[in-house]
Amino acid sequence: MTTKIFLKSGRDRSALRRHPWIFEGAIQKIEGAKRPGEVVEVIDAKGRWLARGTFSPRSQIAVRLLTWDPSEAIDPAFFRSRVRQAVLGRDLIRPPIGSSARRLIHAEADGLPGTIVDQYGNYLVCQFLTAGAERWQEPLVAELKSQLSPTGIYERSDVTVRQKEGLHPVTGLIEGSEPPGLLEIEEGPCRFAVDVRNGHKTGFYLDQRDNRARVRDYAASADVLDCFSYTGGFAVSALVAGASKVTCVDVSSDALELVKYNAGLNHIAEDRLETIRGDVFNTLRSFRDSGKEFDVVVLDPPKFAETKNQLERAARGYKDINLFAMKNIRTGGVLFTFSCSGAMDPLLFQKVVAGAAQDAGRQVQILGRLSQPADHPVALNFPEGHYLKGLLCRVW
Ligand code: SAH
């Protein structure tokens with residue numbers, strides 16, 4: 001017998017709009033087995049079938065909806081068709097992605113909630129974040145294997161959000177051969193070494209690819225500061241595009257070692273790169289006190305707000321770094337400023353940056369609005385999938 005989830009009266013609206021999440025609080029009763037990842041039928045208070053999805057018994061998001069078509073079963077053929085569509089969608093991106101690394105499956109946006117798959121050359125790196133994604137990984141992996149014939153498929157499901165699903169961290173090889181300790185990728189004119197075993201996310205910030213290209217547009221002969229540099233995605237892009245000098249700031253010495261390695265991969269002379277291990281807030285303050293200035297500053301901090309409750313504190317953090325950064329930019333210089341907190345919408349972020357400009361006493365123009373690239377699409381029925389936002393600003 002299939003498991004049936006009956007919604008409370010009036011709680012069918014989001015499912016009717018094809019939003020893929022059903023919250024625990026919307027559920028009236030459950031009939032049948034409540035196993036993690038179980039396929040469930042979602043039914044409204046009047047007994048009408050709404051959608052089909054997978055169950056997460058431990059999460060506040062109790063169901064991830066996969067289909068609104070009653071005739072579409074959740075079976076290996078379902079995963080085959082979703083994976084095919086996701087890969088085809090990437091191949092159709094124009095201009096082509098122009099990198100040997102790309103996101104192949106972007107969870108809800110590709111109709112596969114909880115599933116992330118990134119391609120790094122001949123290797124695939126996966127994250128399964130929900131009970132449903134975990135339960136159904138086998139047919140998904142089989143399809144990835146048959147479509148892309150990767151040398152290896154590696155799992156990086158060591159992410160804290162899995163705790164909300166009652167899932168333990170899992171990492172390791174799923175298929176084929178172990179990836180090398182450092183995997184090399186090409187992105188436009190740049191080469192990067194990626195540590196897919198220990199790096200953030202699946203190893204690299206693929207979501208900043210288009211914005212790294214924008215930084216290259218402004219980098220020639222510039223003195224660049226890359227704050228929260230991680231392994232130097234922006235820094236190396238700027239150096240390859242002819243920056244005279246790049247200074248990277250990050251708290252992680254491992255990340256900074258990889259910045260240097262990546263600069264070497266791109267034949268950058270050592271004296272054009274400086275790495276500072278430290279806190280960005282303190283470092284920017286000390287630059288301000290010593291009157292140090294830059295032509296281009298990149299601010300790409302980690303997520304300051306995980307949820308709406310943390311927004312106020314996060315806004316203060318964003319304001320502070322933007323304020324300090326603006327004080328360290330030469331007249332007519334450029335600021336690339338980002339927020340990857342999904343809870344902070346683009347308008348609020350703009351207001352925060354405006355507040356920073358006011359307090360810094362600088363006149364700031366927006367030259368461009370920055371976002372995530374086309375291989376990280378946003379489904380219209382899941383606007384939460386738009387998490388990365390940024391502003392390209394000129395600072396007078
Ligand atoms: N810009 C990077 C990604 C940044 S990820 C890229 O495009 O690849 C965020 C980075 O910020 C991490 O490397 C983390 O080590 C660093 N970090 C977090 N808090 C910090 C702080 N207060 N000061 C300096 N670095 C910090």
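The values are calculated or read from the model by the stated rules, or taken from the named source; none is laboratory data. These figures come from a predicted structure and were not determined experimentally. Don't worry about glycine lacking a Cβ; one is built from the backbone with ideal geometry, like all the others, and counts go over all protein chains shown.
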Quiz item: Within the stretch 163-208, how many residues turn out to be more than 24 Å from S252 (Cα to Cα) and not in a strand (DSSP E or B)?
Solution: 10
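One line per residue, one yes/no per condition, for (1) modelled with pLDDT under 95; (2) surrounded by fewer than 20 Cβ atoms within 10 Å (Cβ to Cβ); (3) under 19 Å from T130 (Cβ atoms):
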site: S14; (1), (2), (3): no, yes, yes
site: R17; (1), (2), (3): no, yes, no
site: K29; (1), (2), (3): no, yes, no
site: P36; (1), (2), (3): no, yes, yes
site: E41; (1), (2), (3): no, yes, yes
site: K46; (1), (2), (3): no, yes, no
site: W49; (1), (2), (3): no, yes, no
site: T54; (1), (2), (3): no, no, yes
site: S59; (1), (2), (3): no, no, yes
Quiz item: Of the residues V353, V296, which is within 16 Å of the ligand (Cβ to nearest atom), assigned by TED's automatic domain parsing to the domain that holds P373 and at pLDDT 95 or above?
Solution: V296
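Would you mind finding the one in T151, T160 that is outside the structural domain of A263 (by TED's automatic domain parsing), touching a strand residue (DSSP E or B) at 6+ places or on another chain (Cβ under 8 Å), surrounded by fewer than 21 Cβ atoms within 10 Å (Cβ to Cβ) and among the hydroxyl-bearing types (S, T, Y)? Steps first, please.
Values: T160 fails: touching a strand residue (DSSP E or B) at 6+ places or on another chain (Cβ under 8 Å).
Going through T151, T160 in turn, just one is outside the structural domain of A263 (by TED's automatic domain parsing), touching a strand residue (DSSP E or B) at 6+ places or on another chain (Cβ under 8 Å), surrounded by fewer than 21 Cβ atoms within 10 Å (Cβ to Cβ) and among the hydroxyl-bearing types (S, T, Y): T151.
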Quiz item: Would the stretch 281-288 turn up any residue that is near the ligand (Cβ under 9 Å from one of its atoms) and surrounded by 17 or more Cβ atoms within 10 Å (Cβ to Cβ)?
Solution: yes
Quiz item: Applying the selection to the stretch 245-302, what residues are among the acidic types (D, E) and under 12 Å from N328 (Cβ atoms)?
Solution: D289, E293, D295
Exercise. Output yes when any residue across the stretch 300-308 is of a type in the set (V, I, T) and crowded, with 22+ Cβ neighbours inside 10 Å, and no when none is.
Key: no
Exercise. Scan the stretch 180-201 and give yes if some residue there is among the aliphatic types (A, V, I, L, M) and without any contact (Cβ under 8 Å) to a residue 40 or more places away in the chain, otherwise no.
Key: no
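Listed here are the residues, each with its yes/no results for (1) part of a helix (DSSP H, G or I); (2) in the same structural domain as V280 (by TED's automatic domain parsing); (3) free of Cβ contacts under 8 Å to residues at least 12 places away in the same chain; (4) under 17 Å from V215 (Cβ atoms).
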{"residue": "F304", "(1), (2), (3), (4)": "no, yes, no, no"}
{"residue": "L311", "(1), (2), (3), (4)": "yes, yes, no, no"}
{"residue": "L323", "(1), (2), (3), (4)": "yes, yes, no, no"}
{"residue": "R330", "(1), (2), (3), (4)": "no, yes, no, yes"}
{"residue": "F336", "(1), (2), (3), (4)": "no, yes, no, yes"}
{"residue": "G342", "(1), (2), (3), (4)": "no, yes, no, no"}
{"residue": "L347", "(1), (2), (3), (4)": "yes, yes, yes, no"}
Quiz item: Just one of Y205, Y154, Y230 is hydroxyl-bearing (S, T, Y) and either free of Cβ contacts under 8 Å to residues at least 24 places away in the same chain or away from the ligand (no atom under 16 Å from the Cβ) (or both); which is it?
Solution: Y154
Self-check item: Tally, over the stretch 340-369, of residues that are surrounded by fewer than 19 Cβ atoms within 10 Å (Cβ to Cβ), under 15 Å from the mean Cα position of the chain (by Cα) and of a type in the set (A, V, I, L, M)
Solution: 1
Quiz prompt | Among (1) under 16 Å from the mean Cα position of the chain (by Cα); (2) touching a residue at least 60 places away in the same chain (Cβ under 8 Å); (3) surrounded by fewer than 20 Cβ atoms within 10 Å (Cβ to Cβ) - the single one H376 does not satisfy | solution = (3)
Quiz item: Which condition number in (1) at pLDDT 95 or above; (2) of a type in the set (S, T, Y); (3) surrounded by fewer than 20 Cβ atoms within 10 Å (Cβ to Cβ) is the one that Y120 fails?
Solution: (3)
Self-check item: Answer residue from the stretch 233-249, given it is more than 18 Å from I321 (Cα to Cα) and not small (G, A, S) and is farthest from the ligand (Cβ to nearest atom) among those
Solution: K245
Exercise. Looking at (1) under 26 Å from T115 (Cβ atoms); (2) free of Cβ contacts under 8 Å to residues at least 24 places away in the same chain, find the lone condition where A220 falls short.
Key: (1)
Quiz prompt | Filtered residues of the stretch 230-253 (kept if within 23 Å of R369 (Cβ to Cβ) and either outside the structural domain of H386 (by TED's automatic domain parsing) or among the polar types (S, T, N, Q) (or both)) | solution = S237
Quiz prompt | Given (1) surrounded by fewer than 21 Cβ atoms within 10 Å (Cβ to Cβ); (2) more than 9 Å from the ligand (Cβ to nearest atom); (3) at pLDDT 95 or above; (4) over 20 Å from C393 (Cβ atoms), number of the condition G291 does not satisfy | solution = (3)
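Among the helices (runs of 4 or more DSSP H) lying completely within the stretch 73-157, list those that include at least 1 residues that are among the hydroxyl-bearing types (S, T, Y) and over 14 Å from the mean Cα position of the chain (by Cα). So that I can check it myself, show each step before the final result.
On the way: elements: 76-91, 131-135, 137-148.
Because the criterion is at least 1 residues that are among the hydroxyl-bearing types (S, T, Y) and over 14 Å from the mean Cα position of the chain (by Cα), the helices (runs of 4 or more DSSP H) in the stretch 73-157 that meet it are 76-91, 137-148.
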Exercise. Determine the pairs where a residue that is β-branched (V, I, T), located within the stretch 91-105, has a partner that is part of a loop (DSSP other than H, G, I, E, B) with Cβ atoms under 8 Å apart, the partner being 6 or more residues away or on another chain.
Key: I93/A374; I93/D375; I97/P373; I97/A374; I97/D375; I105/L112
Quiz prompt | Filter result (more than 13 Å from the chain's Cα centre (by Cα) and under 17 Å from P373 (Cβ atoms)) within the stretch 194-209 | solution = V194
